[in-house]
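**Student:** Here it is, the structure, as structure tokens.
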Amino acid sequence: MRPLVIGTRGSRLALAQARWAMERLRSACPGLEVRAEIIRTRGDRVRDRPLAAIGEKGLFVKEIEHALRAGEIDAAVHSLKDLPSALAPEFTLAAVPGRASPADCLVAPAYGSLSALPEGAIVGTGSPRRKAQLLAMRPDLDVRDIRGNVDTRLEKVGAGQYQAAVLAAAGLERLGLRGVISQIFAPAEITPAVGQGALGIEARSDDEWAVGLLRRVNDPAAEAAATAERGFAEALGASCTTPVGALAVVTGKPELLHLTVALCDAAGTSVIRRELGGEAERPRELGFEAAALIREAGGDELLRPCR
């Protein structure tokens, strides 16, 4: 059997995620040789501008998909939140192998919580979605862009350049840094990014060998939740920089999906948030229903500046 070559970004977090996925593949497919191929993306190279200012979809994906298309790799491990909600027909989301915490969290070592931050405190985030929801709760904050990998962002907070930063809890947990978390935000406070906390393994649609192997590590509940969230973003036409959030949770027997969705304006002066439920067997349809609810509540007005 030929080796399965997995493409990944080269950051410490991306490599930790790729190793996690590769170990599960080795366990599910005894005797399979799996190796990683590091690929540098435009999102990694451009460090002097906020991601939203670059104005391009798939900043952490395009170069990896180019290698996938060229047959240089057989599959790619992504943070699912970085993967556009609608893939080109030649690619498929072959597996969603489980999910860590989907929540956003606050790192504020000198204060401990959002409410304890002083008026005008400088808070770092690279996400328009996080910025808008932070300002909706605390309009007095000075929310500024922060770039760099997880370690770099923590160093900037530790050095006093920022009083706090908002990060994905999953990334900190995967790096063994849960202890730096000061506060976990509930979905009704900061609704997470689509797919946050989950990994997505992408493959070529026509590569039956690779897709068959990858399906062995798929988690059906995580896949259903991701499908609902991605369906919501697709129906809205949202990009990775649109201030939109979604979190689906599978519950009960028979399995049901509970979906929380949010759309914000950039200033945080308007946040539309809705919750709904449906059958776990119809996740994409539930995402589309959620998008219709957001549009009925005035979502098109908030989406217009994002296009």
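**Student:** Among all residue pairs at least 6 apart or on different chains, which show Cβ distances below 6 Å where the first residue, located in the stretch 96-113, is surrounded by fewer than 20 Cβ atoms within 10 Å (Cβ to Cβ) and the second is modelled with pLDDT of 95 or more and of a type in the set (S, T, N, Q)?
**Tutor:** What qualifies is GLY112/SER182; SER113/GLN183.
The rows are residues; the columns are (1) in a loop (DSSP other than H, G, I, E, B); (2) over 30 Å from LEU213 (Cα atoms); (3) not assigned by TED's automatic domain parsing to the domain that holds SER270.
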position	(1), (2), (3)
GLU63	no, no, yes
HIS66	no, no, yes
GLU72	yes, no, yes
HIS78	no, no, yes
LEU87	yes, no, yes
TYR111	yes, yes, yes
ASP151	no, yes, yes
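**Student:** Which residue, of THR227, THR241, THR269, THR251, is of a type in the set (Ser, Thr, Tyr) and at pLDDT 95 or above? Working first, answer last.
**Tutor:** Working: THR241 fails: at pLDDT 95 or above; THR269 fails: at pLDDT 95 or above; THR251 fails: at pLDDT 95 or above.
Just one listed residue meets the conditions, THR227.
**Student:** Quick check on this structure: which one of LEU247, LEU259 is among the hydrophobic types (A, V, I, L, M, F, W, C), out of contact with any His (no Cβ under 7 Å at 6 or more places or on another chain) and either assigned by TED's automatic domain parsing to the domain that holds LEU87 or touching a residue at least 60 places away in the same chain (Cβ under 8 Å) (or both)? Show your work before the answer.
**Tutor:** On the way: LEU259 fails: either assigned by TED's automatic domain parsing to the domain that holds LEU87 or touching a residue at least 60 places away in the same chain (Cβ under 8 Å) (or both).
Criteria check complete, one pass: LEU247.
**Student:** Still on this model: Pull out all pairs, ordered by first then second residue, where Cβ-Cβ is under 6 Å, the residues are six or more apart or on different chains, the first lies in the stretch 179-200 and is farther than 24 Å from VAL96 by Cα, and the second is assigned to a strand (DSSP E or B) and not β-branched (Val, Ile, Thr).
**Tutor:** Once the first residue is farther than 24 Å from VAL96 by Cα and sits in the stretch 179-200, its partners that are assigned to a strand (DSSP E or B) and not β-branched (Val, Ile, Thr) give ILE181/CYS105; SER182/LEU106; GLN183/LEU106.
**Student:** Out of curiosity, is LEU154 surrounded by fewer than 24 Cβ atoms within 10 Å (Cβ to Cβ) and not aromatic (Phe, Trp, Tyr)?
**Tutor:** yes
**Student:** Sticking with this structure for a sec: Tell me, please, whether a residue that is surrounded by fewer than 17 Cβ atoms within 10 Å (Cβ to Cβ), of a type in the set (Ser, Thr, Tyr), in a loop (DSSP other than H, G, I, E, B) and not assigned by TED's automatic domain parsing to the domain that holds ILE64 can be found in the stretch 119-134.
**Tutor:** Let us first name the residues in the stretch 119-134 that are surrounded by fewer than 17 Cβ atoms within 10 Å (Cβ to Cβ), namely 119-120.
With of a type in the set (Ser, Thr, Tyr) added as a condition, the list becomes none.
No, there is no match, as no residue in the stretch 119-134 is surrounded by fewer than 17 Cβ atoms within 10 Å (Cβ to Cβ), of a type in the set (Ser, Thr, Tyr), in a loop (DSSP other than H, G, I, E, B) and not assigned by TED's automatic domain parsing to the domain that holds ILE64.
**Student:** With respect to the numbered conditions (1) touching a helix residue (DSSP H, G or I) at 6+ places or on another chain (Cβ under 9 Å); (2) surrounded by fewer than 22 Cβ atoms within 10 Å (Cβ to Cβ), which one is the sole condition not fulfilled by ALA248?
**Tutor:** Unmet for ALA248, out of (1) touching a helix residue (DSSP H, G or I) at 6+ places or on another chain (Cβ under 9 Å); (2) surrounded by fewer than 22 Cβ atoms within 10 Å (Cβ to Cβ): (2).
**Student:** Between GLU275, GLU281, GLU285, which is of a type in the set (Asp, Glu), surrounded by fewer than 20 Cβ atoms within 10 Å (Cβ to Cβ) and assigned to a helix (DSSP H, G or I)?
**Tutor:** Only one candidate passes the filter, namely GLU285.
**Student:** Test ASP48 against the criterion of being at pLDDT 95 or above and assigned to a loop (DSSP other than H, G, I, E, B), and give yes or no.
**Tutor:** no
**Student:** Now a separate question. Determine which member of the set ALA233, ALA165 is in contact with a helix residue (DSSP H, G or I) (Cβ under 8 Å, 6 or more places away or on another chain) and either of a type in the set (Lys, Arg) or assigned to a strand (DSSP E or B) (or both). Break it down into steps so the answer makes sense when it comes.
**Tutor:** On the way: ALA233 fails: either of a type in the set (Lys, Arg) or assigned to a strand (DSSP E or B) (or both).
That would be ALA165, the only listed residue that is in contact with a helix residue (DSSP H, G or I) (Cβ under 8 Å, 6 or more places away or on another chain) and either of a type in the set (Lys, Arg) or assigned to a strand (DSSP E or B) (or both).
**Student:** A further question follows. Here are some residues: ARG144, ARG178. Which one is within 27 Å of ALA248 (Cβ to Cβ) and not hydrophobic (A, V, I, L, M, F, W, C)? Spell out the reasoning first.
**Tutor:** Numbers: ARG144 fails: within 27 Å of ALA248 (Cβ to Cβ).
When all the criteria are applied, what remains is ARG178.
**Student:** Anything in the stretch 135-149 that is buried (at least 21 other Cβ atoms within 10 Å of the Cβ), in a loop (DSSP other than H, G, I, E, B) and within 22 Å of the chain's Cα centre (by Cα)? List them, or say none.
**Tutor:** ILE146
**Student:** Give the residue, chosen from GLY124, GLY112, GLY148, that is at pLDDT 95 or above and on the phi > 0 side of the Ramachandran plot. Write out each step before concluding.
**Tutor:** Details: GLY124 fails: on the phi > 0 side of the Ramachandran plot; GLY148 fails: at pLDDT 95 or above.
The unique qualifying residue is GLY112.
**Student:** Which number in (1) in the same structural domain as ARG295 (by TED's automatic domain parsing); (2) within 20 Å of ALA86 (Cα to Cα); (3) touching a Lys or Arg at 6+ places or on another chain (Cβ under 9 Å) marks the one condition that ALA238 misses?
**Tutor:** The single condition ALA238 does not satisfy is (3).
The values are calculated or read from the model by the stated rules, or taken from the named source; none is laboratory data. Quantities reported herein were computed from a predicted structural model and do not represent experimental measurements. Reconstructed Cβ throughout: ideal geometry from the backbone, glycine too, with neighbour counts over all protein chains shown.
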